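To keep things clear, I will list the structure first and then write my remarks on it.
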């Protein structure tokens, strides 16, 4: 199991762009250490019952056995305490599993402001002699002219996991930084980002025409609060290779996630690619197609290679890039879910063991109750009541413990409160169901006991 689970964790961490080469051979020193810890745990947990056994008085033990466990259950307080502790710790793990799984589910089902399905990223490396506006514009035309390509657009920055560009922005009402990227016409249509007002960039937005920008909703609320941003202007703060410039807002688009899905949408401004002050834009391209993306990649590769032999090309499926950005969340959800299920299973087994042991020790009591007219349902209720008390105290302690430690995981959660009562309640119900499963078997065994056999054995 150790070898198999180690490989499974490694597969969770691997991506197509980040292969991990780790030696997963089991080291004898590690195995010796873990075996020693396991053995020591078993020995220490055996000390308490062993000491109680050797200190007991024979006469008292025989009397207690004759009376059954109804009148003297002090010898089983330690077992009960262990079950309560086990249930409480299990609830902490199960609650954590619910929170991490819910957080991961929120991330993969959220609306990031764009449609990643059917989108391919292409980064093309042209020679230095080809770094001019005419060649780069032709590159985009070659990609758009490839069969099965529905739309394509260039950008200075890929979304999710790429670099972050920021510029200082000044308006009459605000002065602060905003994310800034330059894109070609058709960028928003290619990514499926709705243009809420105004227009997209066009070929008329050239290097010599007035500078224009398209902004997102947060940008509009930040720099033009309560006003229609279309037609408004803002100025960028001067930086190396980025001179101070005035931009007119010609469009408003929906908020989108930028560098990572886990971070809130920032104020975002888009400039026309033809007006990029630091050079030319066009070697980083988003491609949309309804055809299988591997086939589209092959077609684009052949088209560019025929047009510019020797050009370097790197492709990646946009959805795959997003998936790779969620490795940590996916791993946390998988590991917490695994340990949550394991904890619930162990709690169920622990409860079964204690109840089964107590049922055997109470054979005479159960036999007498059956002989005096108790029904099998009443016997099951007797055993299940004992389990319910243990589970109740375990759940109470576990809920208190979960609330105490949940804040430590708050920074790892997305869209889920670290103290969400729904998830804590669901965890408690799930663990109670697991505990009930472990309690029913000894309860049924007790109810099926033959009273004559029990009394004869006694």
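Can you spot a residue in the stretch 130-148 that is touching a residue at least 40 places away in the same chain (Cβ under 8 Å) and within 18 Å of residue 325 (Cβ to Cβ)? Checking the stretch 130-148: not a single residue is touching a residue at least 40 places away in the same chain (Cβ under 8 Å) and within 18 Å of residue 325 (Cβ to Cβ). Considered as a group, the residues in the stretch 113-146 that are in contact with a strand residue (DSSP E or B) (Cβ under 8 Å, 6 or more places away or on another chain) and in a helix (DSSP H, G or I) include one that is surrounded by the fewest Cβ atoms within 10 Å (Cβ to Cβ), and that residue is 144. For residues in the stretch 32-51 being in contact with a helix residue (DSSP H, G or I) (Cβ under 9 Å, 6 or more places away or on another chain) and over 19 Å from residue 362 (Cα atoms), which is modelled with the lowest pLDDT? Checked the stretch 32-51; the qualifying residue modelled with the lowest pLDDT is 48. Please verify whether the stretch 310-321 includes one or more residues that are touching a strand residue (DSSP E or B) at 6+ places or on another chain (Cβ under 8 Å), more than 21 Å from residue 260 (Cα to Cα) and part of a loop (DSSP other than H, G, I, E, B). Yes, the conditions are met somewhere in the stretch 310-321.
Going by what's in this entry, would residue 446 be described as touching a helix residue (DSSP H, G or I) at 6+ places or on another chain (Cβ under 6 Å) and either in a helix (DSSP H, G or I) or surrounded by 13 or more Cβ atoms within 10 Å (Cβ to Cβ) (or both)? So residue 446 passes the test.
The number of residues in the stretch 295-309 being in a helix (DSSP H, G or I) and without any contact (Cβ under 8 Å) to a residue 60 or more places away in the chain comes to 5. Being in the same structural domain as residue 353 (by TED's automatic domain parsing) and free of Cβ contacts under 8 Å to residues at least 24 places away in the same chain holds for only one residue in 422, 399, 413, and it is 422.
Of the residues making up the stretch 147-179, those that are in contact with a strand residue (DSSP E or B) (Cβ under 8 Å, 6 or more places away or on another chain), more than 30 Å from residue 244 (Cβ to Cβ) and part of a loop (DSSP other than H, G, I, E, B) are 149, 150. Taking the criterion of being within 29 Å of the chain's Cα centre (by Cα) and closer than 23 Å to residue 136 by Cβ, the residues of the stretch 162-179 that qualify are 162, 163, 164, 165, 179. Is it true that some residue in the stretch 392-408 is touching a helix residue (DSSP H, G or I) at 6+ places or on another chain (Cβ under 6 Å) and not in a helix (DSSP H, G or I)? No, because not a single residue in the stretch 392-408 is touching a helix residue (DSSP H, G or I) at 6+ places or on another chain (Cβ under 6 Å) and not in a helix (DSSP H, G or I).
The values are calculated or read from the model by the stated rules, or taken from the named source; none is laboratory data. All figures in this text were calculated on a predicted structure; none of them were measured in a lab. In this analysis, Cβ positions are derived from the backbone assuming ideal geometry, glycine residues included, and neighbour counts consider all displayed protein chains.
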